[in-house]
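Visitor: Mind having a look at this structure? Questions to follow.
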Amino acid sequence: MANSYWVEPDVRFVKQLKRLGGDTLKKCYQCATCSVVCPISPEERPFPRKEMIAAQWGLKDKLVGNMDVWLCHQCNDCSTYCPRGARPGDVLNAVRAYSIQEYAWPKWLGKIVPDGRFWWLLLAIPVAIFLFLLGVTGHLHIPEGEIEFAKFFPTLLVDIIFVPLATFWIPVVFGIGIYRFMSDIHKNAVAEGKAKRKDLNIPDFLKSIACTIPTILSHSKFSQCTENKGRYLAHILVLFSFVGLFVVTNIFFVALYILQIPGPYAQANPVKILANISAIALLVGVILMISNRLKDTGANVGKGSYFDWSLIILVLGLVVTGGLSQLTRLAHLPSIAYPMYFAHLVLVFCLFAYLPFSKLAHLVYRTLAMAYSRYSEREPCD
Amino acid sequence: MTEEQRAEDSKKGSILVVGGGISGLTATLEAAEVGYEVFLVEKNPYLGGRVAQLKHYFPKLCPPSCGLEINFRRIKDNPGISFYTLAEIESISGGPGNYNVTVKINPRYVNEKCTCCDECAKVCMTKLPNEFNFDMGTMKGAYLPHEMAFPMRYVISPKIIGTDDAKRALEACKYDAIDLEMQPKTVNLKVGAIIWATGWRPYDASKIDNLGFEYPNVITNMMMERLSAINGPTNGKILRPSDNKKISKIAFVQCAGSRDENHLPYCSYICCMASLKQATYVREQYPEAKIFVFYIDIRAPGQRYEKFYKKIKEDENIFLIKGKVAEVQEDPSTKDITVVAEDAVGGEKVQETVDMAVLATGMVPNTVDTKLPGDVKYDPDGFVVSDLDRGGMYATGCALKPLDVTSSNQHATGVALKAIQTLVSS
């Protein structure tokens, strides 16, 4: 090699990766099959062979803050062809999980969100906040008459919780992680010769984000996978239903505060129709994700750790509680509908509040890495 | 050796050797030459096994005629040896020191009167795939397995029995050497010990779906031996199969299906050396040719092989690239082959377009699917496990594990002694 390099193995890092689903990493013997069979790896300095040796040697600085780790979509074509069962696709997934924790701020949340022992605490936080707010405003009972969720959980109260969450917590907390992430991947790409551009120009980078969006929406990376085809459909359904629900939420926000039209809205309302279609798509997508992972016989779908499963279960919980809230409301079952709505809000809170610490953070990190890869001319804009 | 001496030998005890390749020949001769009666059973119509298919073999890079001929000479001179070709073991009963073995001998349809005049082959019309050449080229239904075949006698393929070809061959034979009515025979043997030298076959490269074996210009290492051997389909000229073009660039793909859980999980020991050796074949015929060897690790076991490897590395037109080929493409118009690997040292993808690619496929024990008649244990890969505590039956050569010729011979000599120990102690 051109220059010598002082290797400082971080054994704890290796152990963490193993715990996060990368337990096969030591089996790799560097034959480099993976880098060739990967359908989405760039021609120059391809991954994941170099990431595998870095993982074995505990070279944290070569992996955390390495954009290539995020360009991987865990098709697991590499794992299918791997002669040793080292499962590079799963190892890179573990590196991503580790990176999310590494960039998380505050650090303690980054530690407890992926830790299976603390799921109850994560649920208890919104439950306590909600109970407190409902209690002090005198709403801690099942309301009489026609079911209207606003009678139980006033919309203003919902927004007092969620508006700061969306406009302050996520931008600030996630912003810190994103800033560190961006400066790290830029430094790493320049140092390893993966970036053709050595500067980091914000307007140009924003253009690269714009050119990345079509790739993400069309799932054109996923569709190049030869193994693991089922994931394409499952993931695109989940993504688009979240987009749909995001649109619905914003329209209703405008409807409520600007147009002054409170819910519940008629089932024939086009926005309501979009909401229901999105919910059904989300349910189908998440069930596909679960069945893909459960029926996996070894090679194809990623093994998945608590980190992966917790997000899937959370999304399943969201769609089930949301759907049942509406159905029991329409069926006039207040004793089920109101608690269900409460549970739904608890899970929505979890989704947003823990976004920067959960697997959902990949939504931002992968988008940024893909955009940076285009910005740095590692990959062309398509 | 006189008849009395032979009777004396059989009193000392008899050994059955199954497989007439280099390991079986060695075991047979080592036991017979110290005075034991040996029965050698070979399923092919000739002795010599895989070595007979090579152009050159280690350690001295001599053609197989060199080593095999002296062994055949020793067999001919030794009345203590009985050998059967086209023969299979049907059943074994008894235990160490006292086995009853039934051997089925399939008809050759040609008797000892054959002079190898080739008249029978000349009149045969049907062309059969030439298995000795791994189906490169064809052969007639009446054929000599190869030029150095021992016994030097033609064979009529069962595939032409009952056809006009067989009748024509019978009529063409001036020496009354063809007997189309020949029937399978059964021979019963009493032996005290059995040596399994059942050998290997190349891994089926068509099972490796990313290495392009479906393209005519992607061949295996054993095909390369036949392509280079003077008695091969091209009379020793290395020409690529699709259009008989000369070679200016060639790629060797190491570990094709070897050290791979999806295929053969083990290393076949000698494929690296085989490819380096084949690089010398190419160099001999094409002084300018560029030779690319893609490997995971070059395994050159022992001082002699290491020296050979060092010598190969001095050739400026041999490029050794650390990175396994994982993608092979064919240009449909030129039939050129492009191999793709990641150079793990430089960290960049390498694509080489070559005239021909050679897959270094590994060794599969013949016992992987055809189990031996008798109480024999196998390892998970199908190799025979010798039960040394029980004794009586011993595996050697590539029936035991992937080996080169030198190690096979050393092992077979040791196993001959083991077999003798069984005879002496029982």
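The values are calculated or read from the model by the stated rules, or taken from the named source; none is laboratory data. Note that this is a predicted model, so its numbers are computed, not measured. FYI the Cβ positions are ideal-geometry reconstructions off the backbone, even for glycines, and counts take in every protein chain you see.
Okay, residues lined up against (1) at pLDDT 90 or above; (2) of a type in the set (Phe, Trp, Tyr); (3) farther than 24 Å from A:Lys359 by Cα; (4) in the same structural domain as A:Gln74 (by TED's automatic domain parsing):
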| residue | (1), (2), (3), (4) |
| --- | --- |
| A:Ala191 | yes, no, yes, no |
| A:Pro214 | yes, no, no, no |
| A:Lys229 | no, no, no, no |
| A:Ala268 | yes, no, yes, no |
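Visitor: Now a separate question. For segment A:28-59: of the residues being surrounded by fewer than 24 Cβ atoms within 10 Å (Cβ to Cβ), under 25 Å from A:Ser223 (Cβ atoms) and of a type in the set (A, V, I, L, M), which is nearest to the other protein chains (Cβ to nearest Cβ)?
Guide: Once the filter is applied, the top-ranked residue is A:Val37.
Visitor: Still on this structure, please answer the following. Being of a type outside the set (D, E, K, R), over 24 Å from B:Lys237 (Cβ atoms) and assigned by TED's automatic domain parsing to the domain that holds B:Val218: is that true of B:Tyr309 here?
Guide: Details: of a type outside the set (D, E, K, R): yes; over 24 Å from B:Lys237 (Cβ atoms): yes; assigned by TED's automatic domain parsing to the domain that holds B:Val218: yes.
Judged against the criteria, B:Tyr309 is a match.
Visitor: Being assigned to a loop (DSSP other than H, G, I, E, B) and at pLDDT below 90 is the filter here; which residues of segment A:149-179 pass it?
Guide: Step one: filter segment A:149-179 for residues assigned to a loop (DSSP other than H, G, I, E, B), giving A:153-154.
Hits for segment A:149-179: nothing passes.
Visitor: Do you know which residues across segment B:237-255 are more than 11 Å from every other protein chain (Cβ to nearest Cβ) and surrounded by 24 or more Cβ atoms within 10 Å (Cβ to Cβ)? It would help to see each step written out before you state the result.
Guide: From segment B:237-255, those more than 11 Å from every other protein chain (Cβ to nearest Cβ) are B:237-253; that's our starting set.
If the condition is that a residue be more than 11 Å from every other protein chain (Cβ to nearest Cβ) and surrounded by 24 or more Cβ atoms within 10 Å (Cβ to Cβ), then B:Ile250, B:Ala251, B:Phe252, B:Val253 are the ones that fit.
Visitor: Which residue is surrounded by the fewest Cβ atoms within 10 Å (Cβ to Cβ), if the candidates are limited to segment A:131-162 and must be among the aliphatic types (A, V, I, L, M) and touching a residue at least 40 places away in the same chain (Cβ under 8 Å)? So that I can check it myself, show each step before the final result.
Guide: Kept after step one, since they are among the aliphatic types (A, V, I, L, M), are these residues of segment A:131-162: A:131, A:133-134, A:136, A:140, A:142, A:147, A:150, A:156-158, A:160-161.
Restricting the remaining residues to those that are touching a residue at least 40 places away in the same chain (Cβ under 8 Å) gives A:142, A:147, A:150, A:158, A:161.
Working: A:Ile142: 12, A:Ile147: 21, A:Ala150: 15, A:Val158: 17, A:Ile161: 20.
If we take residues in segment A:131-162 being among the aliphatic types (A, V, I, L, M) and touching a residue at least 40 places away in the same chain (Cβ under 8 Å), then A:Ile142 is surrounded by the fewest Cβ atoms within 10 Å (Cβ to Cβ).
Visitor: Among the residues of segment B:154-175, which ones are within 26 Å of the chain's Cα centre (by Cα), part of a helix (DSSP H, G or I) and not basic (Lys, Arg)? If you could, list the steps in order and put the result at the bottom.
Guide: Taking segment B:154-175 as the starting set, the residues that turn out to be within 26 Å of the chain's Cα centre (by Cα) are B:154-160.
Next, from what is left, pick out any that are part of a helix (DSSP H, G or I): B:158-160.
Answer for segment B:154-175, where residues must be within 26 Å of the chain's Cα centre (by Cα), part of a helix (DSSP H, G or I) and not basic (Lys, Arg): B:Pro158, B:Ile160.
Visitor: Ok, one more. I need the full set of residues from segment B:99-139 which are under 22 Å from B:Arg168 (Cα atoms) and hydrophobic (A, V, I, L, M, F, W, C), in order please.
Guide: Restricting attention to segment B:99-139, the residues satisfying the condition of being under 22 Å from B:Arg168 (Cα atoms) are B:106-130, B:138-139.
Within segment B:99-139, B:Val110, B:Cys114, B:Cys116, B:Cys117, B:Cys120, B:Ala121, B:Val123, B:Cys124, B:Met125, B:Leu128, B:Met139 qualify.
Visitor: Restricting to segment A:61-76, give me the number of residues that are within 14 Å of chain B (Cβ to nearest Cβ) and either surrounded by fewer than 24 Cβ atoms within 10 Å (Cβ to Cβ) or at positive phi (or both). I'd like the intermediate steps shown before the answer.
Guide: Taking segment A:61-76 and keeping what is within 14 Å of chain B (Cβ to nearest Cβ), we get A:62, A:66, A:68, A:76.
If we keep only those that are either surrounded by fewer than 24 Cβ atoms within 10 Å (Cβ to Cβ) or at positive phi (or both) too, we end up with A:62, A:76.
Selection size over segment A:61-76: 2.
Visitor: Oh, and also: Do we find that B:Gly97 is at positive phi and surrounded by 16 or more Cβ atoms within 10 Å (Cβ to Cβ) in this structure?
Guide: yes
Visitor: Still on this structure, I have one more. Being touching a residue at least 12 places away in the same chain (Cβ under 8 Å) and either touching a helix residue (DSSP H, G or I) at 6+ places or on another chain (Cβ under 7 Å) or in the same structural domain as B:Phe213 (by TED's automatic domain parsing) (or both): is that true of B:Gly374 here?
Guide: Working: touching a residue at least 12 places away in the same chain (Cβ under 8 Å): yes; either touching a helix residue (DSSP H, G or I) at 6+ places or on another chain (Cβ under 7 Å) or in the same structural domain as B:Phe213 (by TED's automatic domain parsing) (or both): no.
So B:Gly374 does not fit the description; no.
Visitor: State the number of residues belonging to segment B:266-275 that are under 19 Å from B:Ser206 (Cβ atoms) and surrounded by fewer than 23 Cβ atoms within 10 Å (Cβ to Cβ). So that I can check it myself, show each step before the final result.
Guide: So the first thing to find is which residues in segment B:266-275 are under 19 Å from B:Ser206 (Cβ atoms), and the list is B:268, B:271.
Within this subset, residues satisfying the condition of being surrounded by fewer than 23 Cβ atoms within 10 Å (Cβ to Cβ) are none.
Total meeting the criteria: 0.
Visitor: While we're looking at this one, here's another question. Quick one: which residue in B:Asn231, B:Asn210 is in contact (Cβ under 8 Å) with a residue 24 or more places away in the chain and within 14 Å of chain A (Cβ to nearest Cβ)?
Guide: Numbers: B:Asn231 fails: within 14 Å of chain A (Cβ to nearest Cβ).
Unique residue meeting the criteria: B:Asn210.
Visitor: Looking only at strands (runs of 3 or more DSSP E) that fall completely inside segment B:308-384, which ones have 3 or more residues that are at pLDDT 95 or above and farther than 30 Å from B:Ile92 by Cβ?
Guide: Values: elements: B:318-322, B:327-330, B:337-343, B:348-354, B:356-361, B:363-365.
Strands (runs of 3 or more DSSP E) meeting the threshold: B:318-322, B:327-330, B:337-343, B:348-354, B:356-361.
Visitor: Additional query: Among B:Gly382, B:Gly397, which is on the phi > 0 side of the Ramachandran plot and surrounded by fewer than 20 Cβ atoms within 10 Å (Cβ to Cβ)? Give the derivation first.
Guide: Numbers: B:Gly397 fails: surrounded by fewer than 20 Cβ atoms within 10 Å (Cβ to Cβ).
Unique residue meeting the criteria: B:Gly382.
Visitor: I'm trying to understand the selection: among the residues of segment A:83-108, which are under 15 Å from A:Cys34 (Cβ atoms) and surrounded by fewer than 24 Cβ atoms within 10 Å (Cβ to Cβ)?
Guide: If the condition is that a residue be under 15 Å from A:Cys34 (Cβ atoms) and surrounded by fewer than 24 Cβ atoms within 10 Å (Cβ to Cβ), then A:Arg84, A:Gly85 are the ones that fit.
Visitor: Moving on to the next point. Among the residues that make up segment A:231-254, is at least one of them in contact (Cβ under 8 Å) with a residue 60 or more places away in the chain, assigned by TED's automatic domain parsing to the domain that holds A:Asn292, within 20 Å of the chain's Cα centre (by Cα) and assigned to a helix (DSSP H, G or I)?
Guide: yes
Visitor: Look at B:Ile92 and say whether it is at pLDDT 95 or above and touching a helix residue (DSSP H, G or I) at 6+ places or on another chain (Cβ under 9 Å).
Guide: Numbers: at pLDDT 95 or above: yes; touching a helix residue (DSSP H, G or I) at 6+ places or on another chain (Cβ under 9 Å): no.
Answer is no for this residue.
Visitor: Is there a residue being among the basic types (Lys, Arg), in contact with an Asp or Glu (Cβ under 9 Å, 6 or more places away or on another chain), buried (at least 24 other Cβ atoms within 10 Å of the Cβ) and under 26 Å from B:Phe134 (Cβ atoms) anywhere in segment B:276-299?
Guide: no
Visitor: More than 14 Å from chain A (Cβ to nearest Cβ), of a type outside the set (S, T, N, Q), within 18 Å of B:Ile208 (Cβ to Cβ) and surrounded by 19 or more Cβ atoms within 10 Å (Cβ to Cβ) - does that describe any residue in segment B:334-349?
Guide: Yes, segment B:334-349 has at least one match.
Visitor: Determine which member of the set B:Met136, B:Met152, B:Met148 is closer than 24 Å to B:Asn366 by Cα and either small (Gly, Ala, Ser) or out of contact with any strand residue (DSSP E or B) (no Cβ under 9 Å at 6 or more places or on another chain) (or both).
Guide: Numbers: B:Met136 fails: either small (Gly, Ala, Ser) or out of contact with any strand residue (DSSP E or B) (no Cβ under 9 Å at 6 or more places or on another chain) (or both); B:Met152 fails: closer than 24 Å to B:Asn366 by Cα.
Sole residue among the options that is closer than 24 Å to B:Asn366 by Cα and either small (Gly, Ala, Ser) or out of contact with any strand residue (DSSP E or B) (no Cβ under 9 Å at 6 or more places or on another chain) (or both): B:Met148.
Visitor: I would also like to ask the following. Identify all residues within segment A:170-199 that are surrounded by fewer than 18 Cβ atoms within 10 Å (Cβ to Cβ) and of a type outside the set (D, E, K, R); write none if there are none.
Guide: Looking only at segment A:170-199, we keep the residues that are surrounded by fewer than 18 Cβ atoms within 10 Å (Cβ to Cβ), and these are A:170-172, A:175-176, A:178-180, A:183, A:187, A:190-193, A:196-199.
If the condition is that a residue be surrounded by fewer than 18 Cβ atoms within 10 Å (Cβ to Cβ) and of a type outside the set (D, E, K, R), then A:Ile170, A:Pro171, A:Val172, A:Gly175, A:Ile176, A:Ile178, A:Tyr179, A:Ser183, A:Val190, A:Ala191, A:Gly193 are the ones that fit.
Visitor: Okay, moving on. Being closer than 30 Å to B:Asp209 by Cα, out of contact with any Cys (no Cβ under 6 Å at 6 or more places or on another chain) and away from chain B (no Cβ under 14 Å): is that true of A:Leu121 here? Lay out the reasoning, then the answer.
Guide: On the way: closer than 30 Å to B:Asp209 by Cα: no; out of contact with any Cys (no Cβ under 6 Å at 6 or more places or on another chain): yes; away from chain B (no Cβ under 14 Å): yes.
It is false that A:Leu121 is closer than 30 Å to B:Asp209 by Cα, out of contact with any Cys (no Cβ under 6 Å at 6 or more places or on another chain) and away from chain B (no Cβ under 14 Å).
Visitor: On the given criteria, is A:Thr80 more than 20 Å from A:Trp309 (Cα to Cα) and within 13 Å of chain B (Cβ to nearest Cβ)? Write out each step before concluding.
Guide: On the way: more than 20 Å from A:Trp309 (Cα to Cα): yes; within 13 Å of chain B (Cβ to nearest Cβ): yes.
Criteria met by A:Thr80.
Conditions (1) under 17 Å from B:Tyr84 (Cα atoms); (2) assigned by TED's automatic domain parsing to the domain that holds B:Lys43; (3) of a type in the set (Gly, Ala, Ser), marked per residue:
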site: B:Lys140; (1), (2), (3): no, no, no
site: B:Tyr143; (1), (2), (3): no, no, no
site: B:Ala149; (1), (2), (3): yes, no, yes
site: B:Ile160; (1), (2), (3): no, no, no
site: B:Ala166; (1), (2), (3): no, no, yes
site: B:Ile178; (1), (2), (3): no, no, no
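Visitor: Please work out which residue is farthest from B:Leu61 (Cα to Cα), limiting yourself to segment B:380-426 and to residues that are in contact (Cβ under 8 Å) with a residue 24 or more places away in the chain and touching a Cys at 6+ places or on another chain (Cβ under 9 Å).
Guide: B:Pro402
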